Amino acid sequence: MTRILLAGGGTGGHLFPAVAIAERLAETNDVDIMFVGTKNRIEARVVPQLGYKFRAIWIGGFSRKFRLSNFLLPVKVVVSILQALRLLLTYRPQVVVGTGGYVSGPVCAAAVIARVPIVLQEHNSYPGVMTRMFSPFAREVHIAFESSKKYFRVHRNLYLTGSPLRKMPRLSQEAGRSHFGLSAGRKTLLVTGGSLGAVGLNSAVLNVVDDLIGRNYQLIWQTGSVDFERIKESQKNHPDLVHVEKFVEKMEFAYAAADIAVCRGGATTVAELIYFNLPSLIIPYPYAAANHQVENARALVESGAAVMVQEADIREKFSRTLLDLVDNAPHISDMREKIKNLSHQDAADVIAKSILRIAGNA
């Protein structure tokens, strides 16, 4: 039995690449999979629901604001490394996989001590602290962007693989629009601020809805739970042209239906834009760690596949930028061609095969 330990969590951006890799590993016989995370973040809820083993360690992030919990961090690091080391000695995995976030740090540290092979996956354009810290000790480091290479001192174990995504079918535009009850004769804008939504982004779009409708556009609008009632009420006069949901469960239909997206710059969102070849106007979340959403967006912008407006400029620049974009069909078509050049083969499958190969030689 091949045993694989995956560490990554705290946010969906770190967890879901690990889940995508686990899905591909699970397609192979005689593979046992265990996740490590914290008991009070997204991984503690999602991983057991998906049927995988889960163990929690006592690690937490460092807050930039003054909090008493920050003084406990050194103790948490030591305890969590000891917890991870005990887990490695009892579970005895052939490979440890780290997908970033503070959860992966103690587990990778324990793997170095126990001499268990490490495979790292970094989905952000600007690599996280844990990826950069443990990359010299890893057998392989899989990155999603060419621009990430400059942040690593060691390149011998670096592979440009793309971002692992859970399996999502590519559907026809007709199927996507039919799913939401939208017109086949109008162009479609997808608006999403992520699972929690983005009030500033929603307000900016709200200012141009009538202009978009006048330009023969309709909207699929994922508002997030906080802003749902406000946006839903504001669009009651456009029930057939603006489809509003708190959270879109089947995003593959939304991506299929859309001609262009307005969205944040999270790594999973960017990976999905690339996978579905969807042009976008990106408003990066300004408080993301190490400003990584700006770096993710910049990777698309520099490739000609997206346009970016910073949150600080949203009032002055968003409306005109979006309207200029939807008025320029050739530009959107060119962006769609440019984003195709960023597509990689199935990253999750490639990484899973590498993990199994390393496990077989361990």
Can you give me the relative contact order of segment 173-340 as a percent, contacts being Cα pairs under 8 Å and 6 or more apart? 22 percent
Sum of side-chain charges, residue 58 neighbourhood, beta-carbon under 9 Å (Lys, Arg +1; Asp, Glu -1): +2
DSSP loop (so not H, G, I, E, B), at most 15 other Cβ within 10 Å: list which chymotrypsin sites (Phe, Trp or Tyr not before Pro) in segment 225-254 pass both filters. 247
Quick one: which residues, 5 or more positions from residue 125 or on another chain, have an amide H under 5 Å from its amide H? H modelled 1.01 Å from N in the peptide plane, none for Pro or chain starts. 296
Additional length obtainable on full extension of the chain from residue 129 to residue 319, 0.36 nm per residue less Cα span: 64.8 nm
Would you grab the residues whose amide H sits under 5 Å from the one on residue 54? Only those 5+ places off in sequence or on another chain, please, with H modelled 1.01 Å from N. 35
Anisotropy class of segment 76-194 from Cα gyration tensor, a/c 1.5 cut: prolate
Euclidean distance of C-alpha centroids, segment 281-336 and segment 144-204, integer Å: 13 Å
GNM flexibility winner over the chain from 234, 343, 147 (Cα, springs under 10 Å): 234
Which of rounded, prolate or oblate describes segment 173-340 when judged by the alpha-carbon gyration tensor and an a/c cut-off of 1.5? rounded
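Answer rounded, prolate or oblate for the chain, using the Cα gyration tensor with square roots of eigenvalues a ≥ b ≥ c: rounded when a/c is under 1.5, else prolate when a/b is larger than b/c, else oblate.
It comes out prolate by the Cα gyration axes.
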Which net charge results for the neighbourhood of residue 12, defined as the other residues with beta-carbon distances under 13 angstrom from its beta-carbon, given Lys and Arg at +1 and Asp and Glu at -1? +2
Springs between alpha-carbon atoms under 10 Å, Gaussian network over the chain: tell me which of 317, 338, 187 tops the mean-square fluctuations. 317
Net charge contributed by nearby residues that have their C-beta within less than 12 Å of residue 267 (K/R +1, D/E -1): -2
Add -39500 (n - 2.57) for each DSSP H run of 4 or more in the chain, then divide by its residues: what number comes out at 222 nm, to the nearest 500 deg cm²/dmol? -12500 deg cm²/dmol
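Rule-based calculations on the coordinates, nothing more; no lab input. As the structure is a prediction and not an experimental result, all values here were calculated from the model. As a convention, Cβ positions derive from the backbone with ideal geometry for all residues, glycine included, and neighbour counts pool all protein chains shown.
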